[in-house]
Each structure stands twice: as C-alpha cells, then as structure tokens.
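Have a look at the structure below, then the notes.
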Amino acid sequence: MSTQTWLSPGAAASLPGGQEPVPWQGLARRLALYSADLPSVSRQSGHLVVLLLLFGALWLVSPLSLQSPRLALPDVPAPESGDRTEAAGSEPVALSADATTASAHTQYLERSAVPLTVRAVREVLPVSMPQRQVRTSVIVYTVQAGDTPLGIAERFGLKGTSLLWANPALADNPDFLRIGQQLNILPVDGAYHIVTRGETIQSIASTYKVDPSVITGYAGNGLTEGAPLEVGQALIIPGGVKPYVPKRTVATTTANVPAPRDAAVGSGRFAWPMSGRITQRFWTGHNGLDIAAKQGTPIVASDSGYVAVLQSSRTGYGNMIVIDHGNGYQTRYAHLSAFYVEAGQSVNRGDTIGLCGSTGNSTGPHVHFEVIVNGVRRDPLSYLP
C-alpha cells in the first residue's frame with residue numbers, strides 16, 4: 001500500500017531519481033485549499049443560481065425569433081391584385097411567399113403586404129348574402145284538421161286578435177272555425193279594413209286608434225298621395241285595434257223548456273267536463289276552453305243543475321248543451337257527437353250528458369266548454385280545480 005504525498009512546486013527538484021511532478025497533483029491541492037473556505041463557496045454558488053434564473057426569465061420573454069426553430073414553410077401562392085383588401089393605415093402581418101425559397105437558415109416569419117386569410121375567407125363565404133323578402137300583402141290560408149284560431153295565428157307570427165280582425169266570419173265567434181275554411185293572413189299584427197262609402201283615411205285611422213301616416217305609409221296598401229279611397233278597397237292597418245264589444249250570451253229557460261221543480265242546484269264548485277288535452281285556452285277572441293279527446297269520450301256535467309238548452313245543428317256549436325246551475329252560473333258543452341240527456345232534465349255533478357265529437361264548425365273531436373256568470377263568459381280555468 002502506497003501513501004500519496006502532496007508536493008509543492010519547489011519540492012520537485014528533490015524528488016528521488018529526478019522525477020517530474022504530476023500536473024494534476026498541484027490542481028488537486030489548490031481545490032482542497034479552496035474548498036476549505038466554505039463561506040466563499042456558498043456565496044459564489046448563490047451567484048451562479050441567480051445568473052441561471054435571470055437567463056431563464058430572459059428566455060421566456062424573448063421574441064419568438066430567438067426561440068423558435070427553423071420553420072419548413074409550405075409554398076404559399078402570391079395573392080392576386082384583386083384580393084388586396086387591407087384597410088387604410090393598417091399593416092397586416094402574414095407568411096411571405098418568398099420564405100419558401102430562402103435558404104434553410106432564413107426560413108422564419110416575415111412581413112407581407114396582404115393577410116394570408118384573405119383568400120381563405122373569400123373561398124368559404126359568399127360574396128353577397130341573400131336578403132329575406134318581407135311580406136307586405138295578405139295571403140289566404142285553408143284551414144286543416146286540428147287547426148285552432150290561435151294556433152294558425154302563431155304559425156304566421158301573429159297575435160290571435162290579428163287573425164280575427166282580418167276575418168269577419170270568426171270575429172263574432174272563433175269557435176266557428178271549420179275545415180276547408182279560407183282565412184286572410186295579415187303580414188303584420190293589426191287589422192284589415194274594407195272601405196265603405198263616405199270613409200276617409202282620417203276616419204279609418206281614428207276607428208283603429210292609429211296615426212293616418214301608418215295607413216298611407218304602409219307599402220302593402222299601395223296608396224298614393226292625394227288619391228281618393230274606393231268603396232270595397234282593402235286596407236291593412238298595422239298596429240290597429242278593432243273596437244271591442246264584450247260578447248254576452250243568455251242561455252236561460254224558455255216556455256218550451258221550463259225549469260223542473262226538482263231541479264238540482266249547483267254548488268259553485270266545478271269539475272272537468274272531460275279528460276283530454278287542452279288545444280285552445282280562453283283568450284280575447286275565444287271565450288271558452290277546448291279540450292280534445294278521442295271521438296266518443298264521455299262528457300259529464302261540471303256541476304249540478306238542469307238542461308236549459310239542447311241544440312242540434314250542423315253549423316256553429318253543432319250538438320250543444322247548456323246547463324243552468326240555478327245560482328247565476330251556466331255551463332256550455334259544444335260539438336257533441338251524441339246526447340245522453342233531454343231538455344229540462346235535472347242532472348247532478350259528474351253525470352254523463354253526452355259524447356265527444358266534431359259536429360258543427362269543428363276541426364277535430366273536442367268539447368268546447370264555457371263558464372257563464374250572469375250572462376258573461378269567463379275563463380273556465382279560473383273555476384276548474
């Protein structure tokens with residue numbers, strides 16, 4: 001086993017046999033002496049760490065051109081002169097077509113006069129978008145099976161009242177809708193007026209509560225300044241409101257249908273007349289509730305009373321029953337396919353009085369149900385459980 005001896009440079013001459021000192025021996029000695037000074041080593045190591053962190057931060061915020069590898073760019077055709085649509089004062093940046101022909105050490109992003117996306121956008125989007133035509137004239141719609149006045153109006157983006165005010169046949173009673181019936185469909189919400197003798201733009205505008213310019217300025221009316229109105233001329237009144245007259249109905253006993261002495265009196269609590277699906281609710285133009293079901297579904301008395309009216313007709317309500325409940329209330333059941341009671345008969349709440357049908361002016365099997373309070377029709381949903 002040999003023992004290693006550290007020699008100073010001056011001691012080299014005293015080595016036996018004239019041996020030369022080994023170079024690394026001196027370096028090892030210096031490192032040993034340097035490491036003995038620990039405070040100096042810690043301080044310089046901290047400086048090195050700070051330099052590394054600073055270099056990393058500069059690398060992260062440096063421009064892409066200092067970080068990115070060389071790009072192998074695809075060939076980009078030069079834009080045609082007609083495709084230059086840059087805004088005044090703008091300086092778009094894009095991939096230069098010359099970048100593909102440059103040497104490998106110069107293939108980086110360069111400025112170009114035309115954005116690369118100009119051609120791509122024009123190839124995808126049409127030059128001009130088609131404009132939707134706005135209807136200004138009245139069209140005619142033929143009623144189909146299952147239609148309701150409100151459903152037809154909503155299909156054309158109109159209010160239910162706009163449909164009624166454009167069709168006098170429905171204005172008095174929209175429940176008279178029938179299959180095959182032709183209805184005027186306005187292009188906008190409002191009213192439809194047929195000019196009569198002696199009327200003027202001013203008088204018509206006053207009737208429908210609009211400014212005269214609304215009528216004269218609407219393109220669908222085809223009015224020219226100073227031209228007189230003609231009798232029978234049809235005018236669209238945008239936003240017009242037809243004067244409303246509350247509808248009243250009286251379904252009381254007559255000499256032919258006297259109230260029976262033992263007639264039941266209603267409790268004021270109403271039951272649903274039939275199970276089914278509500279197809280039309282109570283609204284300004286429809287004074288009842290339409291409940292659709294299969295042909296022949298039983299219909300029951302909503303409350304106790306007696307049959308004040310029993311009517312059979314091919315138009316209007318068709319086969320219809322009115323029950324007087326003897327307390328100011330009456331209920332109407334229309335479009336029945338069959339009767340199970342007779343006029344003047346006393347009935348109790350829940351008794352079957354007929355079957356669901358589609359008689360009269362109807363677009364499908366349903367019962368039209370009304371609640372009449374002192375002669376005025378009210379919303380049935382306010383009285384049903």
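Every number here is computed from the coordinates shown, using simple stated rules; none is lab data. Just so it is clear, the structure is predicted and the values come from calculations on it, not from any experiment. Virtual Cβ from ideal backbone geometry, glycine too; neighbours counted across all protein chains shown.
With an a/c value of 1.5 or above and a/b not larger than b/c for the gyration tensor axes a ≥ b ≥ c computed over the alpha-carbon atoms, the stretch 324-385 is described as oblate.
Rounded, prolate or oblate: pick one for the stretch 139-238, where a ≥ b ≥ c are the square roots of the eigenvalues of its C-alpha gyration tensor, a/c under 1.5 means rounded, and failing that, prolate if a/b is larger than b/c, else oblate. It is prolate, given that a/c is not under 1.5 and a/b is the larger ratio.
Rounded to the nearest 0.05, what FRET efficiency do Arg29 and Leu54 give with R0 = 41 Å and r taken as the Cβ-Cβ distance? Could you check? According to the calculation, E is roughly 0.75.
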